[in-house]
Structures are given as structure tokens and as C-alpha cells.
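Here's the structure we're looking at; comments come further down.
Just so it is clear, none of the values below were taken in a lab; they were calculated from the coordinates. What you see is a predicted model, and the numbers here were worked out from it, not measured in a lab. Every residue, glycine as well, gets a Cβ built from its backbone with ideal geometry; the counts of neighbours run over all protein chains shown.
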Amino acid sequence: MHRLLADPRIASFAVRLGATTVKRAVDDVLRAARSNTQTHGSDVATFDALVAELVERLAAEESETMLDVLNATGVLLHTNLGRAPLPAEALDAMRAIGDGYSNLEFELGAGVRGSRYERVSSLLRATTGAQDGLVVNNCAAAVLLILDTFARGREVIVSRNALVEIGGGFRLPDVLERSGARLVEVGTTNRVYLRDFERALGIDTALLFRTHASNFSMQGFVADVEARELAALGRRVGVPVVEDLGSGALIDLAAYGLPHERTVQEAIADGLDLVAFSGDKLLGGPQAGIIVGRSAPIARMRANPMLRALRVDKTTLAALAATLRLYDRAAGVARIPLYAMLAATVTELEQRAHALVAAAGGADSALLSVVATQAHVGGGALPLAALPSAGVSIVPAGGDPNAFAATLRRARPALVGRVDGDAVVLDLRTIPPERDGELAEIVAAALRG
Ligand SMILES: *Cc1c(COP(=O)(O)O)cnc(C)c1O
């Protein structure tokens, strides 16, 4: 046991996995080896065989910890791979605030307790044009807080085309039910009119609720109610109107050759009372749920004790504020990784792909080729929009692309690509250019076997 723990090949794992985990693995492997020798009469395992078994086992355990991944899938907001990469400014702010104490809830001027949310609220007012804003853990929590504040034990009118599942188990009807609100469905799956909402109004109506169809699209014989019309109805009858916007773009994606995606500013300009969206989708910041809208309903949510259970950490607030500031700075948006990736031209990506084939291929360069690919925004946004992109296609010598893809995933950093027919395709749009060298090394090593 002592010799195994001291062996450098094993000791190095203790730093990354913790001493207890490593000791437990050594215990297990020794116990299994003893039992094999005693009960099955197997040969006594050599020291090196034990080390090899432990290294394999600990490496497998390490891949269960959170690791750095090179995302070559071409999906920019990949929920399984952590959605939006953070801007350097956000990371710097997290470090600066997380490193020590801060004036999180303290007014330095007066020396008295301050508001945790005030700074980010004022940035949200400036960037979205809303009267006020609030931040919770994620968009699902934002929807829950809205429903809990306004609709517990009361009715929420939703059109049938808005009863969506976002993925990861977020189904709007389930969240509505959980919040204690009663769901009143109106219209049909494909057609809903303003009069459907009008007819469903009653003394128990707490909210009119709409969802932005971010992750699907409906075509054909369809009719929907415009946000503006619904907002006008809400004002006329004195019922707040809410939109679950989901992605939360603050700029027009048409500038990147994508279809226009409804922005937060547009939702506010439509006259909605409250708009909820995520921080780590098209905003390109940390995981957060953001609610913007009119002052009075936001103030009611601030006073809801549930806010305490959904509140965000100081480092999240610091990262979100730093990301929002980039929207208000010349060339700031280009510093947000999501938008830097969106802005890359196909020519640039092709040039990088050619350089990669040259760097990684070596004797095996015949197995590699530059290919045109299609990247996707992901994160439930613009499901139908493909973004022209470029990458490297590798037809592994062994002939099994799934095995080759698995080898790339075992590398450190792990490299995650896509299997397409008999090839593994690595899309470069989602790889930061400064990491091309690492990617080339991983591919070269995998080709060597
Ligand atoms: C993504 C999404 C959500 C959930 O957002 P999270 O921040 O992941 O909780 C809710 N509603 C819509 C419309 C979405 O697109």
C-alpha cells in the first residue's frame, strides 16, 4: 500500500482527485488482487501490473471530474459542454471579487448595508431599456419566481402553442403546476387569437403568459397573438403580461448572417410587464436567470422570500456585470467569445483547417482533409439556422470513427467532435484560434495510436 501510494505515477492523481479517493482505489485493487491469488490461485500480480491497473482506474475516475474540453462539435451554445464560454473580462471580475471581500451588500459611501442587486439592475436598465431588473439562478428559476409572486393559487392564461419543453426536463406546464398556479390553456396547437385570451379572463386571472418559440418552429396553417397585442390587452384589463424569452439576445443576430432573433429590447418595447431570459445563452455570460420589466412587478419580486432561495453568488453577479458592460463599450461585443466565434469568416476557418491538416497529419496527412461544415447556435436558439463553417475530416486508419472519436475524448484536454459516416469531423468555429496548436497535438497523438 505504502509503495503504491508513493509511486509518482499514482501520487500525481492525489493532487487532482484527493488523497482519500486514491487511497480507496489502492485499497480496492489490493483487495481484489489478494482475493484472486487466494481463492482462484492466480499468479501474484506484479507491482507494475498493479500500478497499471490503478492508473487506468484513476484516469477513468478523473474523467468523471469536471475537465477542460475542446468543443469541435460546431454547436456554439452546447448545453452538455457548459453553454457560453465566458469573456476574459468576466473571468477577471470573478477572480477579483471571489479572491477576497467585496461591497456585495454594503454601501461604501454611507457605511451601511446596501443592495446585492442594485449595480447589476442599473446595468440591466441601461442595456435593455427596461425600468428595472433582477437576477436569479437561471431562466427556469426566473419563471418560477414570477409565477410564485403573482400566480400562486390563481390562474395563468397560456396559449397551447406555448406549452413547450425546453430540454433538460424544463416543461412549462410542469413548472406552472409546481408553482401552485392554475394553467388555463387557450387556442389550439397551431392557431391562437387574442379573443381566446379575452374569453378566458376572469376574476382569478393573475397573468397572461407567452413563451418565445426559441427551440422549434411551426409552419403552415398557423396564427399567433403578437406580444404587442397581448400587452395591450393586459393593460386594458389590469393583468400583467409576461414573456419567457429564453435566449435573451441583446443585439441583432442578422449582423452575423443569421435570421433575426427577437431581442430583449424588442420584448420590452412591445410593452410587456416582465421578460425572463438566460445569462448563458445569447447574452454570452454566466449561468443566470434575468428578469427585466416594469418597476412595480420587479419590486414585488424583490420582496418575495423565495428570492432568497434563488439568489446568485457574488462571482456570478461580477461576471454578469462585466459581460453586460461589454455591450456598452466600443468593439466590446467582439470580446464575448460567443460573438467572436459567430464573427469568424469561413475563409479564416478554412485557413486554420489547412494549417491544422499540415500540423497534425504528418505521415498520415492522407487521412485528413479540409471540409465545409455547418455550425449551429444551439442552446435552444435558432434551431433551423445553419451557420456555414469549416473543419477537418479525419478517416482513421483503423476504420472505426467511433473508436477514434473516443480516443480524442480521452485526450487531455478532451477533444469532442462529431462522427459523420466513416469520418470524425472537427468543426473549427467552436475552437478558439489560440488553441489550434493543442488540437493539432491531440489529433497527431491519436493518429500515432
Ligand atoms: C433555455 C430556456 C429556458 C431555461 O433557461 P435556463 O437558464 O436553462 O434555466 C426557459 N425558457 C426558454 C424559452 C428557454 O429557451
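At-a-glance table
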item: Relative contact order %, region 1-122, counting alpha carbon pairs below 8 Å whose residues are six or more apart; result: 15 percent
item: Volume per residue of the C-alpha convex hull in region 396-449, rounded to whole Å³; result: 67 Å³
item: Rounded to 5, the percent of DSSP beta bridges in the chain classed as antiparallel; result: 55 percent
item: Electrostatic dipole magnitude of region 88-333 [Cβ: Lys, Arg +1; Asp, Glu -1; Cα centre; debye, to 20]; result: 500 debye
item: Cα-based radius of gyration of region 106-204 once divided by 2.2 N^0.38 Å, which approximates compact folds; result: 1.41
item: Cα point-scatterer Debye curve for region 348-400, base-10 log of I(q)/I(0) at q = 0.28 Å⁻¹; result: -1.00
item: The chain: mean projected area of Cα convex hull, nm²; result: 28.6 nm²
item: Mean projection area, nm², convex hull over Cα of region 18-157; result: 18.4 nm²
item: Percent RCO, i.e. relative contact order, over the chain, from Cα pairs under 8 Å lying at least 6 residues apart; result: 19 percent
item: Local electrostatic count, Gly153, Cβ distance below 14 Å [Lys/Arg +1, Asp/Glu -1]; result: 0
item: Relative contact order (%) - criterion: Cα under 8 Å, at least six apart; region: region 307-449; result: 21 percent
item: Contour excess over end-to-end distance, with Cα ends at Ala343 and Ala32 and 0.36 nm allotted per residue; result: 106.5 nm
item: Cα-based Rg and Dmax for region 131-183, where Dmax is the largest Cα-Cα distance (Å); result: 11.3, 32
item: Mean projected area (nm²) of the alpha-carbon convex hull when region 2-62 is viewed from all directions; result: 3.9 nm²
item: Taking the C-alpha atoms of region 267-352, convex hull volume expressed per residue in Å³; result: 128 Å³
item: Size of electric dipole in the chain: Cβ of Lys, Arg +1 and of Asp, Glu -1, about Cα centre, debye, nearest 20; result: 1200 debye
item: Shape box of region 88-333 [Cα atoms, principal axes, largest first, Å]; result: 55, 43, 33
